[in-house]
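Student: I'd like to ask some things about the structure below.
The values are calculated or read from the model by the stated rules, or taken from the named source; none is laboratory data. Owing to the predicted nature of the structure, the values given are computational and were not obtained by experimental measurement. Ideal geometry is used to build each Cβ from the backbone, glycine not excepted, and the neighbour counts take in all protein chains shown. Note: accessible area is taken over every heavy atom of the protein model, side chains too, but ligands, DNA and RNA are not part of it. Shrake-Rupley method; radii C 1.70, N 1.55, O 1.52, S 1.80 Å.
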Amino acid sequence: MKYLSTRDKTVRMSAAEAIEMGLARDGGLLTPEAIPQIDRAFLESLVGERYQVRAAKVMALYLTDYTEEELLTFAENAYGPDRFDTAAVAPLRKVDGDTYCLELWHGPTSAFKDMALQMLPQLLSAALRKTGEDKTVCILVATSGDTGKAAMEGFADVPQTRIMVFYPKDGVSAVQEAQMVTQDGENVGVCAVVGNFDDAQAGVKRIFSDPAIRETLEKRGFFLSSANSINWGRILPQVVYYISAYCDLLRDGRIAMGEKVNFCVPTGNFGDILAAYYAKRMGLPVGKLICASNCNDVLTDFLRTGIYDRNRPFHTTMSPSMDILVSSNLERLLFDLSGEDDAQVRAYMEALAKTGRYEVSDTIKAALAEQYWGGFCDEAGTAAAIARYYKDYGYLIDTHTAVAASVLEQYREATGDRTVTVFASTASPYKFCNHVLTAIGQTPEGDGVALLDQLNRVSGVPIPRRLAALKGKARRFDLTAEKPEMDGVVLDFLN
Ligand SMILES: *Cc1c(COP(=O)(O)O)cnc(C)c1O
């Protein structure tokens, strides 16, 4: 299976090369040339298997230059008991008759990013071997809070890799910041950027596309790659858990084989819900993909009108990992829905860069309307969903998950659709103690990691082991940069 650039189909490479490169040189996203199909027999073969085996079998369909044994070894490393606090890895929790919550935060950093970022470093290390690359790869990450920590945790002290993380100075929670600035590992670096996530992401993209920086780094023995969800090695491990959730529903007799389920996903950069889309395109019986946004509702408007328009105020919310106005992975969806029309995708992306806006074709609009439903939820709605889940189900959910819960309710009211629905729970409530405490009627006492104990006292829910350990950890990083200074930070880091 080859991988193509969404902006130029003549750019073709192996999976290993695509994972190594992260982003195509032309700015396009590297995307599989065909979507492998699965059938009932394939799903049946997964039902009795552990998560790790499911992961290897699904990923092998796409990563044809890796062996299934290799992938199984990676999955055993990524999702084992030393990293994940439950053997199920991504357990489904029943909320009510037709609603299930897919808990994706049982990994080392308590956010769903671990599902992919425990896997990616292994895929990348293997890719360096497969392609005979002898330079050191430097991973540049722009993070809205969760990716940075999860990426550093995955890449810390992995040979032949360095990792530099940029996060928006005032755009992440206290726990998220504490997680990042205390990160261990000789090969890691962290820097706060004055600005929001889009500023950090734009800075990283600029560094990627700067030939002068590339050349300087090459002379020093480095090349740049990405651990953001633009890297195919991020998306693919996420496809697995949608298929796995379906298998769990089958195994537990909640649905019949072939019965459709909906997925509802709290969305920022469009990576997680894109993975659900690929699962559907592979032949998994999926009805609607419900795309949940916070007040940064650019995707809601897009799914309803076919017009993507980032010219709007940027809101800093209590679900910071979704505070995004440019959802990079939408480009892969457009590529697929346009019938792999690279010229059309290129034109949309050029318009986006120039004017901040584009309107898709009628064909794409029709496909979006059939497959997706978009909704958003404001700050009061987010808090209300946390309160209601806590009160009605005794279930403590985080601010991002609450956005999905709220939008799912809106969807059901608007459509009357009662199809079995799985919504993604993307972070532990302990990453956002302040807002979660307030939402359930408590007054936060103190701030930062001190609130972990308060939330634990009030709710009785155990604190994830590694978050509890933050309390005694010393800060290692204290660097802040203005956006234009990011280049210098990278050049210093790789000196
Ligand atoms: C990253 C993140 C999201 C958004 O996921 P995308 O793949 O960027 O759409 C939602 N919730 C949490 C907790 C996250 O960390």
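Student: Could you say whether any residue in the range 189-198 is over 20 Å from the mean Cα position of the chain (by Cα) and β-branched (Val, Ile, Thr)? Quick ask: steps written out before the conclusion?
Tutor: Step one: of the range 189-198, the residues over 20 Å from the mean Cα position of the chain (by Cα) are 189, 191-195.
Checking which are β-branched (Val, Ile, Thr) leaves us with 193-194.
There is at least one residue in the range 189-198 that is over 20 Å from the mean Cα position of the chain (by Cα) and β-branched (Val, Ile, Thr).
Student: Here is a further query. So which residues in the range 371-385 are hydrophobic (A, V, I, L, M, F, W, C) and part of a loop (DSSP other than H, G, I, E, B), if there are any at all? I'd like the intermediate steps shown before the answer.
Tutor: Looking only at the range 371-385, we keep the residues that are hydrophobic (A, V, I, L, M, F, W, C), and these are 373, 376-377, 380, 383-385.
The answer is 377, and nothing else.
Student: Still on this model: Which residues, counting only those in the range 337-376, are in contact with a strand residue (DSSP E or B) (Cβ under 7 Å, 6 or more places away or on another chain) and hydrophobic (A, V, I, L, M, F, W, C)?
Tutor: Looking only at the range 337-376, we keep the residues that are in contact with a strand residue (DSSP E or B) (Cβ under 7 Å, 6 or more places away or on another chain), and these are 340, 342, 348, 351-352, 356-359, 371-376.
Passing the criteria: 351, 352, 373, 376.
Student: Which is under 21 Å from residue 155 (Cα atoms), open to solvent by 10 Å² or more (accessible area, probe 1.4 Å), within 14 Å of the ligand (Cβ to nearest atom) and modelled with pLDDT under 95, of 269, 228?
Tutor: None of the others qualify; the one that does is 228.
Student: Scan the range 417-437 for residues that are within 11 Å of the ligand (Cβ to nearest atom) and in a helix (DSSP H, G or I) and report the count.
Tutor: If we filter the range 417-437 for residues that are within 11 Å of the ligand (Cβ to nearest atom), which is where we start, we get 424-429, 431-432.
Imposing the further condition that a residue be in a helix (DSSP H, G or I) reduces the set to 429, 431-432.
Looking only at that region, the number is 3.
Student: Turning to a different aspect of this structure: Would you check which residues across the range 280-312 are open to solvent by less than 10 Å² (accessible area, probe 1.4 Å) and either closer than 21 Å to residue 405 by Cβ or within 13 Å of the ligand (Cβ to nearest atom) (or both) and list them? Lay out the reasoning, then the answer.
Tutor: Filtering the range 280-312 down to residues open to solvent by less than 10 Å² (accessible area, probe 1.4 Å) leaves 282, 284, 286, 289-294, 296, 298-300, 302, 306, 308.
Scanning the range 280-312 gives 286, 289, 290, 291, 292, 293, 294, 296, 298, 299, 300.
Student: Mind listing whichever residues of the range 109-136 are of a type in the set (A, V, I, L, M, F, W, C) and either surrounded by 24 or more Cβ atoms within 10 Å (Cβ to Cβ) or in contact with a Cys (Cβ under 8 Å, 6 or more places away or on another chain) (or both)?
Tutor: The first filter runs over the range 109-136 and keeps only residues of a type in the set (A, V, I, L, M, F, W, C), leaving 111-112, 115-117, 119-120, 123-124, 126-128.
111, 112, 115, 116, 117, 119, 120, 123, 124, 127, listed by residue number.
Student: In the range 321-358, what count of residues is obtained for those that are open to solvent by 20 Å² or more (accessible area, probe 1.4 Å) and among the small types (Gly, Ala, Ser)?
Tutor: 6
Student: Turning to a different aspect of this structure: Could you list, in sequence order, all residues of the range 479-492 that are of a type outside the set (Val, Ile, Thr) and either within 26 Å of the chain's Cα centre (by Cα) or open to solvent by less than 90 Å² (accessible area, probe 1.4 Å) (or both)?
Tutor: Correct list: 479, 481, 482, 483, 486, 487, 488, 491.
Student: Also, quick follow-up: Check every one of the helices (runs of 4 or more DSSP H) wholly within the range 1-81 and list those with 1 or more residues that are open to solvent by 60 Å² or more (accessible area, probe 1.4 Å).
Tutor: Numbers: elements: 15-21, 40-47, 51-62, 68-79.
Per the criteria, 15-21, 40-47, 68-79.
Student: A follow-up question, please. List the residue pairs whose Cβ atoms are under 7 Å apart, where the first residue sits in the range 107-118 and is under 18 Å from residue 177 (Cβ atoms), the second is of a type in the set (Val, Ile, Thr), and the two are 6 or more positions apart or on different chains.
Tutor: Listed pairs, sorted by first residue: 111/426; 113/147.
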